[in-house]
Amino acid sequence: MSDNNETAGPVNEPREDGPVRKVGTPSPAEDNTLLAQEEYPAPAGAGEELDEREAKRAERIVASFFLLAFAASVAFIVYFIGWSGRDGGMHGIHRAKESNLWLGGMMALAFLAMAIGVTIWVRRLMTSKPIVQERHALEADTGTRRAFTEAFLEGAEDSGITKRPLLRRTLLLAAAPLGLAPLVLLRDLGPLPEKKLRHTYWGEAVKAAKAKGRRGVRLVVDGTNKPLKVSDFASPGGMITVLPEGIEENAHHVMNEVAKAVTILINVPADQFKPAKGRENWHVNGIVAYSKICTHVGCPAALYEQTTHHILCPCHQSTFDATDAAKVVFGPAARPLPQLPLGVEDGYLIATGDFPEPIGPSFWERG
Amino acid sequence: MSEATAPKAVAGPLNFLDDRLGSTTFFNRNLKKVFPDHWSFMLGEIALYSFIILLLSGTFLTLWFHPSMMETHYEGSYTKLQGVKMSEAYASALHISFDVRGGLLMRQIHHWAAILFMASIMAHMLRVFFTGAYRKPRELNWLIGLGMFTLGMVEGLFGYSLPDDLLSGTGLRITQGVAQSIPLVGTYISMFLFGGEFPEGNYGDLIPRLFTLHVLLIPGIILGLVTAHMMIMWHQKHTAMPTQKQTEKQVYGYPFYPVFMAKTGAYFLFTFGVVALLGAFAQINPIWLFGPYDPGAISSASQPDFYMGILEGSLRIMPNWEITAAGHTLSLNVLIPALLPLGIVFGGAAIWPFLEQWVTGDKRHHNVNDRPRNAPVRTGVGMAAVTFYGVLWLAGANDVLAERFHLSLFATTWFFRFTVFIAPVLAYIITKRICLGLQRKDAAIAAHGVESGIIVMSPDGKFSERHEPASQEQMSVLLSKERAKEQAPAADANGIPAPNSKGPMGYVRSRLQRAWTFDDIPVEKHDHGHDGNGHGGHDGHEVEGREPKQISH
Amino acid sequence: MKRFTAWRRRPWAGYAVVLAALAAIGVIYAGFTPQSDRAEAANATQAAADLENGRQLYNKNCGSCHGLNAEGTKDAKGKPIAPSLLGVGAASVDFQVSTGRMPAMNPGAQMPRKKPVPDFDTTIRTDYAEPEKREAAEKQKAQAEKNLADLREYIQKLGGGPEVPPASAVDPKGGDVAVGGKLFRTNCAQCHSFVGSGGALTGGKYAPPLDKNDVTPTQIYEAMLTGPQAMPVFNDTTLTPKDKQAIIAYLVQTREEPNPGGNGLGRIGPVSEGLAGWLVGIGLLVLAAMWITAKKPKKLKKS
């Protein structure tokens, strides 16, 4: 805007049109009336006079912005009714893009043109002058305060609440349980935690498999449900996300069970793998399985770097060492990822038990 | 318009209301209410208008959104996800994006308005803080504002959890992990929140619950608070920046009707326009790229919206402290970052007005704002808080920083671990020094005037630059600074110590007060020329006849 | 001669040449078929020559780091400098060399993608207007392709390993996008992000972006198959060729689809969105506020 060049900027710049006064200016922070009111004797808002030619020009500019806004809103409606619905309405990404651009663009244009028009109107054509108003004291005077206090105490006295403590106390007694009632009502928001966080579907699935005379449950690739043979997963440096076989068909709450049972299977080169004490037979030639749920706050920790054998969680960068029982190397997680005991049956990779400890983030009862 | 007769269209309803409510008295009193002008006073308006946009666009979205975790197979027009198993919430969000005309625009407008809502509240609060506009009598409005900001964070978190895409599900997963880590009741809170185990509970309750909170309860509370905020502001009258015509007793500015009304109306349109502009040309939260939530899937660069970034950053840089004893686990690695930084920033902001009053003993009403330089300790503390917040914010994006600038990820974590302590202290010191320097400059101008650029030679051959007295307007701005005096001795005339100076608290208070005031620089108008710099007029009162043009800004 | 040049410019000339060439090949092939042992002998000689070419290229470009017999090298302390190439297979060679990662220029946290060395640069442009230049470029490209093939063959012969996938296996049109999306989000997005825009790893390493200019479908396949650098291996028995094709289909569709909501802001999620909200949103509105509250233009007033 051409009129913006010399005028933009905060208004606490010196006001050149301000009156020139002869006295040293005391700090406005002090409680005194600084402004001589007689400088604006005119009634509030009495108009400034405009240069009629400039005003006419400004009026035309404002009007053309309003016309532009009008055109844009009309275009918005016309596009919507006449064009966006062609060939049976909006379908798919290309039409969504087109529609977003047209509708959004026209909407933005309409609002902005109107905003600019109003702004120019205010700045150039409104003739109100700045005015001064008193700031009244907010607080009541002492008399009022005293009168209120007296009335209040009198009321309390009249009601008898001060004189009759039995009434007061039994009323409070009656109200207290009522206040608790809503809290009690919230009890059925959810079940109690019990031992739910301590088990995963692996345990259930292994139990079911053992009941059928097998040694454990097969590992299937998450997404394709392909059971994995040891020979399938023989490439060193391999990684894949696995679930217990049958979880999608048999689990009661599939999502909840997947959220606990999801596991990463990693093929660590056997010569670099250091099995933890007591877990010497939990891996198959360096093929090892850890819970995918980070022990920090539960994101899937799955960035496996085959050069460093680090497992990194992309949320908060907790880092675990896949060669060393998923020990924490860096980051905010405090505990290693739980390890799943693996075995082989009929050439297939199987889990022979549940995770030995609760998976995922810590909790108070975890111990 | 001496014989005022309102047109019938106005007079009719006006009289109708007046006959029943007596409203004309109120209208008459407030029609010309004065609003002082300053660009920074409009930051809060962005928040107000974004909130209106949020209500409108949000209502539009509810017409198609299904807050349900029931499993379904997507059959809509976005080809890449056809046949994919997902929740109804996600499927309906896709439907809004790709099969409802203007739906994508409304989704984007809603999200951009949320970003602007939170950003403008932050900017507005910084303005209020740095100018001391929260001081008595406005502490209540400060607290209400803080409450709305907190609610806004929760509202935003719930809102972006609703579409049930992979990114928002990751956010919920983290929320659940944090909830679970709360000592004693964590697992119960988590189970009660989700209606069972993460993510679906026993009946898929979470999304419907979040939906109700997001569209009804929290916006309702915010709406109430907004109303209270505006009414209090209206009643107390807006603060003003120190300029010549503003005093503690008077407010100077344009009348509400018609000028301020038109200005704020224009700003309403600007806010709408900018949000629509962003919605049309900048893609936000492309849930179709994220895919449905899947507890086994995750993406790199999983970040929350910016206003939650401080939590994310604190979680990332926290060392892995965890205490396990007597069969119980205390996750300091989760609890401390979840509570402490926000506690410091929000708690500090909440008690600050009262702390400042206690320290300075200043219980007066303040209607004219401070210039930030004139309260160096406050400005320094504010900048320290901004730095603290900002560092944690950046730490929340450390993976994006590491990836974009090819830095070592762990090195960025270590960098932020130290910076979060060092940078705020540095920011405090540097800010305070800058403030004091500016005060000195003000003092020099007030005492000696502004440099005119005119070199004069005195009769004995000395050259000196002539200083012109500052303009009256400038002087009133400069002199708005109060002399920060130490309080009177902590004992009254009878030798009885003042009650608030006794004991350890009294000691703390006097120390803090000293810190607040000891290096204050008086900005005063001197009545006599100094250093041989010839003033225009030797009498300090004699400023008549100067040309206002001489002060260049 | 002049007439010939004029002919060459006819619209049908290209087809004619192709037809003629096909005919010629047919004739030559027909000529060779009866004498199959002669052809075999010729093929064998040719194969030996190719292998020799591969060996020479290896010695020239790779041997200094990977050792003369591709057994890998170690520094004085026994820390590996370059890995053994025995068993890495043709797929690995093709990925590393065609993306320019190998031969490596300088050791760093990670070998970046770059323009392949001239010997193997199959991406050079050949669409020159001048026939001589075009011919030369085409020749160079053909030579680069042959070089790459010879080098692949040489390494493959040394220790076996995964082969380069056939074109049909990497055709994005043949994959199931829905399955591909699920597999990508479960196994790839944690490093490469939802849309394949890449992400940070430890120690200055990074998962590279998977944009159109970064990686071809064949290279995506090879990367999954061989696990270059820090990337894990997804062999064909874990993620079957069909699964890989699905992932490729998903990725190619994702990177080729437009951003319906406007500018994608780098498709990196809330970080750039927050930045845009502050810089563009709050920035524009502050400018508007300054304009609205600025002093009235003076010239309008009648003085």
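Any read-out appearing in this document is the output of simple, stated calculations on the displayed coordinates, not a laboratory observation. All figures in this text were calculated on a predicted structure; none of them were measured in a lab. No Cβ is skipped: glycine too gets one built from the backbone with ideal geometry, and neighbour counts run over all protein chains shown.
Suppose every K and R has +1 on its Cβ and every D and E has -1 on its Cβ; what is the size of the dipole of the protein assembly as shown about the Cα centre, in Debye to the nearest 20? Approximately 400 debye in magnitude. Take every DSSP beta bridge whose two residues both sit in chain B; close to 95 percent of them are antiparallel.
Between B:Lys502 and B:Leu17, the FRET efficiency from the beta-carbon distance, with R0 = 41 Å, is close to 0.10. Taken as Cα centroids, the stretch B:370-442 and the stretch A:289-341 sit 32 Å apart, rounded to the nearest whole angstrom.
Entry note, chain A: the mean residue ellipticity at 222 nm calculated from DSSP H runs of n ≥ 4, each adding -39500 (n - 2.57), is -11500 deg cm²/dmol after division by the residues and rounding to the nearest 500.
At q = 0.07, 0.10, 0.15 Å⁻¹ the log10 of I(q)/I(0) for chain A amounts to -0.79, -0.84, -1.24, computed by Debye summation with a single uniform scatterer per C-alpha, solvent ignored.
Cβ-to-Cβ counts within 10 Å put B:Glu197, C:Glu130 in ascending order as C:Glu130, B:Glu197, the fewest first. Ordering B:123-130, C:157-164 by mean Cβ neighbour count within 10 Å, with the highest value first, yields B:123-130, C:157-164.
Do the alpha carbons of any pairs in B:Lys249/B:Lys525; A:Lys196/A:Lys274; C:Lys182/C:Lys212 sit beyond 29 Å of each other, and which pairs?
On the way: B:Lys249/B:Lys525 23 Å; A:Lys196/A:Lys274 31 Å; C:Lys182/C:Lys212 21 Å.
Flagged as over cut-off: A:Lys196/A:Lys274.
Modelled spin-label separation between A:Arg168 and A:Asp346, with each label point placed 7 Å from Cα along the Cα-to-Cβ direction: 8.1 nm. Note on A:Lys129 and A:Ala211: the extension gain reaches 20.4 nm, defined as 0.36 nm multiplied by sequence separation minus the Cα-Cα distance. Simple spin-label estimate for B:Lys441 and B:Leu56 gives 4.3 nm between the two label positions (7 Å along the Cα-to-Cβ direction from each Cα). For chain C, dividing the convex hull volume of the Cα atoms by the residue count gives 286 Å³ per residue. Here the contact order of the stretch A:236-363, divided by its residue count and restricted to Cα pairs under 8 Å and six or more residues apart, works out to 22 percent. Here A:Val78 and A:Glu98 are evaluated by their C-beta separation; at R0 = 25 Å the FRET efficiency comes out at 0.95. Residues whose amide H lies under 5 Å from that of A:Tyr304, counting only those 5 or more places away or on a different chain, are A:Leu312; hydrogens are built 1.01 Å from N in the peptide plane.
When the Kirkwood radius is taken over all Cα pairs of the protein assembly as shown, what Stokes-Einstein diffusion coefficient follows at 25 °C and 0.890 mPa s, in µm²/s? Don't skip to the answer; put the middle values down first.
Numbers: Rh = 35.8 Å.
In µm²/s, the coefficient is 69.
Each listed q (0.14, 0.18 Å⁻¹) maps to a log10 I(q)/I(0) for the stretch B:351-458 from the Debye sum over equal C-alpha point scatterers, namely -0.77, -0.96.
Its Kirkwood hydrodynamic radius, worked out from the mean inverse distance over all distinct Cα pairs, puts the stretch C:167-256 at 12.8 Å. Legend: distances between Cα atoms for C:Lys115/C:Lys139; A:Lys327/C:Lys205; B:Lys237/B:Lys363; B:Lys33/B:Lys263; C:Lys141/C:Lys244; C:Lys139/C:Lys173; pairs beyond 23 Å are C:Lys141/C:Lys244; C:Lys139/C:Lys173.
If you take the beta carbon distance between A:Arg57 and C:Leu287 as r and set R0 to 25 Å, what does 1/(1 + (r/R0)^6) give as a FRET efficiency, to the nearest 0.05?
Values: r = 24 Å, r/R0 = 0.94.
Efficiency at R0 = 25 Å is approximately 0.60.
The value of relative contact order for chain B, using C-alpha pairs under 8 Å at least six residues apart, is 15 percent.
For the stretch A:196-366, just say rounded, prolate or oblate: build the C-alpha gyration tensor, square-root its eigenvalues into a ≥ b ≥ c, call rounded for a/c under 1.5, and beyond that prolate if a/b exceeds b/c, oblate if not.
Since a/c reaches 1.5 but b/c is at least a/b, the shape of the stretch A:196-366 is classed as oblate.
Of the residues C:Thr218, C:Ala167, C:Val233, the one whose Cα sits farthest toward the positive end of the charge dipole of the stretch C:167-256, with +1 on the Cβ of Lys and Arg and -1 on the Cβ of Asp and Glu, is C:Val233.
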